[in-house]
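The values are calculated or read from the model by the stated rules, or taken from the named source; none is laboratory data. This structure is a prediction, so every number in the text was calculated from the model and none was measured. Cβ placement follows ideal geometry from the backbone for every residue including glycine, while neighbour counts extend to all protein chains displayed. For accessibility, only protein heavy atoms count, side chains too; no ligands or nucleic acids. Shrake-Rupley method; radii C 1.70, N 1.55, O 1.52, S 1.80 Å.
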Amino acid sequence: MADDMLKSDNLPQNPERASLEGRNKFMGFWFFLGGETVLFASLFGTYLALRNSPAEGPTASEIFGLELVFIMTIVLLTSSLTSVYAMYHMKNGDFKKMQLWLGITVALGFTFLGFEIYEFYHYVHGYHFGYTTSAFSSAFYTLVGFHGGHVAFGLAWIISLMIRNAKRGINLYNAPKFYIASLYWHFIDVVWVFIFTVVYLMGKVG
Amino acid sequence: MKGWMSKFKAIFALVVLALVLSGCTGKPFLSALQPKGEGAEMIYDLMILSIIIMLVVFVVVMVIYTFVIVKYRQKKDDPDFMPKQTEGNHALETLWTVIPIILLLILAVPTVQYTFALADTSPELNEEGEEQDSLWVNITGAQYWWHFEYQDMEVSTSQELYIPVDRRVYLSMGSQDVIHSFWVPSIDGKMDVNPTGNTNEMTLLAKEEGVYWGKCAELCGPSHSIMDFKVIAVSPGEFEQWIKDMQGVTGEETPESATAQEGQQLFQDNCMTCHAIGSSPNKIGPNLTNFGDRIKLGGYLDYNKENLVEWIQTKGLGEDGNMKPGNQMTSAPYELSDEEAAKIAEYLMTLSPSGITPENAKDGVYKDSDLKSLFPKEEEETEGQGESQEDNKDEESSQGSDESSDGSNEGSSEENNDE
Amino acid sequence: MSATARKAGFGAALWDYLTTVDHKKIGILYLVAGIFFFILGGLEAMLIRIQLISPNNEFISAQFYNEVLTMHGTTMIFLAAMPLIFALMNAVVPLQIGARDVAFPFVNSLGFWLFFFGGVMLNVSWFVTGAPDAGWTAYAPLSIFSEGHGVDFYAIGLQISGFGTLMGGINFIVTVVNMRAPGMTYMRMPLFTWTAFIASVLILFAFPALTVGLFMLTFDRLFGANFFDPAMGGNAIIWEHLFWIFGHPEVYILILPAFGVFSEVIPTFAKKRLFGYSSMVFATVLIAFLGFMVWAHHMFTVGLGPIANSIFAVATMAIAVPTGIKIFNWLFTLWGGSIRLTSPMVFALGFIPTFTIGGMTGVMLASAAADFQYHDSYFVVAHFHYVIVGGVVLGLFAGIIYWWPKMFGTMLNEKLNHWFFWLFFIGFHLTFFIQHFLGLMGMPRRYWKFLPDQGLDLFNLISTIGAFFMAVGTIVFLYNVIITQVKGVKVSGDPWDARTLEWAIPSPPPFYNFKQEPLVRGLDPLWIEKTEGNGKIQPATPLGDIHMPNNSFVPFMMSLGLFIAGFGVMFQGTYWVLAVIGFGITAGSMLYRSFKDDLGYHVHKEDLEDEKGDGSNG
Amino acid sequence: MADNTNSNEKQLYYRKKHKEEMKHHILTFAMMIAFTLIAFGLVIAEVSALFTIPIILVLAAVQVLFQLYYFMHMNQEGHEMPALMIYSGIFAALLTVLALATIVWW
Ligand code: HEA
Ligand code: HEA
Ligand SMILES: [Cu+2]
């Protein structure tokens, strides 16, 4: 049976959940995301509590620019769609196309991350809005930074999956791994939806 | 509800009496079980109600418990007895769901009422229903002392809070460093003293004259356990007199004796960056306006010159000294010689601007041996011995305040009621 | 010659435990580590009690007292009670549901090593600039202003061990959801499994709040963030909320599995099925649910205002209802039974009145207005030791003694266990009952010393004497463990005449647990087979190859990496090298893990047939 | 695993089904972009905060449901437990955010 796991033909309908290991990974990862919800809620709560405490530093509406955030949002949303495409091809057993779409997802992820770094750089140098400037700045960078950290981790994860499995196609052993990586990627997007709403849009509105 | 409540109260009073006799209720100046203030009394009622409910529950549980353990032990003669494998019983299960709910409702209603009542800091109304002026005191907690500022009165003091008896005093509390908690168990429940941004308000109403012990109830550093303070409840007339006397202090008054004068000079050169005499906003260290009247030194030590000298010379910060561990009092004093410290101590002990001292308040509550622990100063005097007694005399006469010598005689509060 | 042989044997055994992914062995690891930390925490408790033996005592300094007090609470909760619970969960849950192992054996091992290195990290603080000193609750801003690195050790140590706990939690949820044997429906699961399941769910949702809180504390202290610093616009109350959003569910994480233990022990020794099984399950779920809505009862005096206080007060009181359901269900399980007073049963019977008292004082505390008096006084200390020691610790010892034969194949001496119980129990009530009065008489908690002439002397003395009784009791237990293991008398698979699945296989079970998946025909499956069948669990599947995971040293390395990195982050400067090395080790181990397929191995059918015994107990 | 004789037919059937799903996904994506545009639009147009904030929060919530149910397939069978846990997480999350946003300053 162990060797079955590595065969890449004749995959069943939901290869990610066809083996017990796969079902466990699938469940466990969803539960983990349930926990992550609370993790981000704690960060959001803290941010909401401190967003009007800029001390001597700049306030939210002074620094936020919506253009960049809009572009970032579109980039990340699109990457969510491309990772759905990747899973679509995985279920059809089309490994090459899956890799292709994952590659696109990764590229979009890097674009997003690049924008984010640029944004932070801009705040720090353009507005003297550093991590230690005020309670507001700490809360802002921590919340958005945690998200950025998740993006970075997700990228590293997907890339190592792609490299590791480049030569052997989809099988029962790695299908769950790809699948949960894509779940993770969607979750990152879910968090971003709230970040752009609660942090940037509400920050602009006041 | 009131009717059966009072019946229970009567029964409970007996229980409490039994406890008092066995020493379970502590000292009257400290114990929440001997309430002497409005808040403490309300809470005491609530405690009793809840204890009664809990006793009912406990008795029920224990009766069943004892019964089953006694009755259903494995029989020696029939070890293979096979009990009936009962799945459950709906009626019973409903019963022990519903009864606790009822008991809890009985507790929840007064809980909510009292929670709102105790949080109420709106001004009192007079007979015509008009709002009256409230007496507001700003309290600042600091590592490890308490600063008290009487709003709109230009009076500041620390460590010992004077309040008029039978009048609601309004407290507004904040901390200048970490979180502390203001607790005078025999008058009222506690309230946290938060750093900037979250100011708390509460009221304090003492029903008997007396000296009450206060405690810091939120871990605030090494000296947390000795960050004690006192609340001194005096008659309204005395309180007014005290305020007047305190307002008169500028800090420039020269003490009589020569050593004290030298001490004053030293004090002004070394200590004034942190300490103040006379009305002032809170500084880095305690306000010493009426230091000569203190019951305790540093909040908890016996009040005498030896201790004071040691206190002045002890390092707190960075050293494990057990007198004031972690205390922020640092820098200048440590270059003082023994002599200089003694002079400063001498000066400080003369600071007694008012004849209204803790001694005035004593016959409210404590007529027994508790007095001794509260007033070691006085104990020494009545026994007519010791150096510190002379120090006291000195200080009092030198201050030239007419009432203060009365203060050291027992039961003289009557005479001090000169408005 | 024999010495070298034994050494090699020891080395092999050590390596086996360092790399094991077997839930039974990991259970033993948790047990050993948990008992070690329990003794450590107990010694700290003894220091506390000796310091408070008389007024104005100066046995230890104020600063040291605060460190001891903080480490006592932290050690007991995170490093003693939690791992002991995980010890029982690991030893028992997979067996009770007829599973081969937990869902993620590798992660299970990782969870243990993270916890372990986190615990070691915390205790290293004793030797480096002093232990944390801001209380186990580490309220800001005290925890931010605290000098030295004590609180850094607290934040980073708990962070590491917290990750471990979180992973353990997820692991058990998945195990219960996915790995139950045929016929083991949710409503046939033993209550210990149920409570382990629900406690794991609580872990999943409670620990992230702590994670975030600890991150913010670390950032504030080490990287100049301003979450809790009022001078920079921060707010100290945020920490209190985050801590208690985690902290309150945490106490139910501790107590629910203890409830589970009693729900196994009581039916076994009353020879009756659990009374009101479904309402027990329902009550467990309800406690967990309500447990998330009451955290602010630790903050009544903070100044949240009467509306918030009232809401949280009433919500808190509500928890008494499901808990009461449990108490009465246990009582009525005993009712009409045939009670054997074995030592686990004695612990269970000691628990009922003790926990009831603790719960009742809990409800008194929940009365917000009255809590203005109780809060931060010894009344609270009394409350939580009644529920924790009288509930959790008694439950853990009941469980350890009850499942000892299953874990080790030997039987602890009953007589010594009874001695242990009585010494500990009497000592416990001496120590803590009187503390209710101390609190009401005006003694705040976390007091390094109390003053003479305040009426507190006698009760403190009595309390200290009680603590010595508990210490002696614990020593009796340790002695019992040692002589039992030295004697090593083997017992059968079912020494207690019990009811659940884990007793259907030999003690200790073979490494693959059940040879064939068991077929579960109802609640208390073994009991059913004993009374209605031939006393043996029927297999659900024919004998076949068994798929087993490989041992791995990676979890140890991953945890070690974080441990090393923690020091780098803490000391900074040139020590950043340590952070690079540490994170490098961890990341490298993770990569190694993901690049090397770990498909496990098979135990072959033929080998299984050779094994003695038929995998079920006759 | 799958029966060999039927597998091709099945494969075809699934492919078709997957295509169908993909159409939903693209629709979902379009809606999400639209919602984002609306949200940004409201803010840029400086419509009153009282009106804007609830609306953009609702839009965000709906977007998240789209992600969960379509992109993350929570609408498919076998997701009962994940749904239970996600909703429990959301419950705990709401309490946390609510508390921190309301009873931290006074
Ligand atoms: C295992 C641990 C555990 C458990 C199970 C509990 C259970 C409960 N706790 Fe406790 N608690 C702690 C551990 C625990 N607690 C700790 C560690 C602290 C202090 C933390 C710190 O500050 O360091 C604390 C503090 C604490 C406080 C804060 C006190 C303060 O700091 O001011 C409060 C206030 O409401 C409280 C309430 C309760 C209640 C209502 C329950 C309920 O769950 C109890 C329910 C049980 C019963 C009520 C008994 C059985 C029921 C019946 C027989 C039915 C009938 C009963 C009635 C009608 C009353 N606890
Ligand atoms: C699981 C939790 C747990 C457990 C089991 C205990 C167990 C005990 N606790 Fe603890 N306690 C806490 C959790 C716990 N505690 C917490 C959370 C706090 C709050 C901390 C804070 O405020 O921040 C606290 C605080 C606390 C205080 C209050 C301190 C203060 O506020 O100033 C006191 C005081 O009496 C105390 C005493 C004890 C005692 C006597 C025991 C006893 O039951 C211990 C019994 C065990 C032993 C005595 C073991 C000894 C073993 C030996 C001696 C063996 C000898 C060694 C060899 C043979 C090698 N505890
Ligand atoms: Cu709680």
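In table form, for the structure just shown:
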{"read-out": "Most mobile of A:163, A:117, A:188 in a GNM of chain A (Cα contacts under 10 Å)", "value": "A:163"}
{"read-out": "Pairwise FRET efficiency - residue C:187 versus residue B:130, Cβ, R0 = 60 Å, nearest 0.05", "value": "0.35"}
{"read-out": "GNM result for chain A, Cα springs below 10 Å: residue of A:182, A:160, A:83 fluctuating most strongly", "value": "A:160"}
{"read-out": "Centre separation in Å (Cα based) which lies between region B:216-245 and region C:508-523", "value": "68"}
{"read-out": "Buried accessible area, chains D and A (both chains, 1.4 Å probe, Å² to nearest 100)", "value": "4700"}
{"read-out": "Angstrom value of the Kirkwood radius, inverse mean 1/r, which spans all Cα pairs in the protein assembly as shown", "value": "34.0"}
{"read-out": "Approximate spin-label separation residue C:511-residue B:265, in nm, with each point projected 7 Å along Cα-to-Cβ", "value": "8.8"}
{"read-out": "Probe 1.4 Å, accessible area per residue of the protein assembly as shown, Å²", "value": "36"}
{"read-out": "Interface area, C with A, accessible, probe 1.4 Å, both sides summed, Å² nearest 100", "value": "3000"}
{"read-out": "Under Karplus coefficients 6.51, -1.76 and 1.60, residue-wise ³J(HN,Hα) of region C:14-30 in Hz, glycine/proline x", "value": "4, 4, 4, 6, 5, 10, 5, 10, 7, 4, 6, 6, 5, x, 5, 4, 4"}
{"read-out": "Carbon/sulfur fraction of accessible area - the protein assembly as shown, other protein chains in place, 1.4 Å, %", "value": "64"}
{"read-out": "Span from the region C:132-162 Cα centroid across to the region B:80-148 one, whole angstrom", "value": "32"}
{"read-out": "Residues residue D:87 and residue B:84, FRET efficiency given R0 of 51 Å [Cβ-Cβ distance, rounded to 0.05]", "value": "0.80"}
{"read-out": "Calculated diffusion of region B:249-352, Stokes-Einstein form, Kirkwood radius summed over Cα pairs, 4 °C and 1.567 mPa s, µm²/s", "value": "94"}
{"read-out": "Descending principal axes extents, region C:407-508, alpha-carbon based, whole Å", "value": "61, 28, 21"}
{"read-out": "Estimated translational D of region B:193-303 in µm²/s (Stokes, Kirkwood radius over Cα pairs; 4 °C; 1.567 mPa s)", "value": "78"}
{"read-out": "Region C:178-288 - Rg (one decimal) and Dmax (whole number), Cα, Å", "value": "19.7, 64"}
{"read-out": "P(r) histogram, all alpha-carbon pairs of region D:2-75 included - 5 Å bins from 0, percent", "value": "3, 14, 17, 15, 12, 10, 9, 6, 5, 4, 3, 2, 1"}
{"read-out": "Inter-part distance where region C:447-498 and region B:152-174 are each reduced to a Cα centre, Å", "value": "49"}
{"read-out": "Helix-derived mean residue ellipticity, 222 nm - over chain C, DSSP H n ≥ 4, -39500 (n - 2.57), to 500", "value": "-22500 deg cm²/dmol"}
{"read-out": "Placed amide H near residue C:548: partners under 5 Å, 5+ positions off or other chain", "value": "C:601, C:602, C:603"}
{"read-out": "Listing of region A:59-98 residues, each with accessible area lower by at least 40 Å² in the full protein assembly than in the chain alone (probe 1.4 Å)", "value": "A:66, A:70, A:77, A:81, A:84, A:85, A:88, A:91, A:92"}
{"read-out": "Cα-projected label distance for residue C:14 with residue C:289, points at 7 Å along beta-carbon direction, nm", "value": "5.1"}
{"read-out": "Convex hull volume per residue for region C:525-618, taking Cα atoms only, in Å³", "value": "153"}
{"read-out": "In Hz, Karplus ³J(HN,Hα) per residue of region C:390-399 (6.51, -1.76, 1.60; θ = phi - 60°; x = Gly, Pro)", "value": "x, x, 5, 5, 4, x, 5, 5, 4, x"}
{"read-out": "Within a Gaussian network of chain D (alpha carbon springs, distance under 10 Å), most fluctuating of D:28, D:36, D:96", "value": "D:96"}
{"read-out": "Global size of region A:66-206 as Cα Rg and Dmax, reported in angstrom", "value": "16.9, 53"}
{"read-out": "Long-range tail of P(r) for chain C (Cα pairs > 46 Å, %)", "value": "15"}
{"read-out": "At R0 = 45 Å, FRET efficiency that the Cβ-Cβ distance of residue C:127 and residue C:607 yields, to 0.05", "value": "0.35"}
{"read-out": "Amide H contacts under 5 Å for residue B:146, placed H, 5+ residues apart", "value": "B:159"}
{"read-out": "Estimated buried accessible area (total), pair B and C, 1.4 Å, Å² to nearest 100", "value": "7800"}
{"read-out": "Placed amide H near residue B:171: partners under 5 Å, 5+ positions off or other chain", "value": "B:137, B:202, B:203, B:204"}
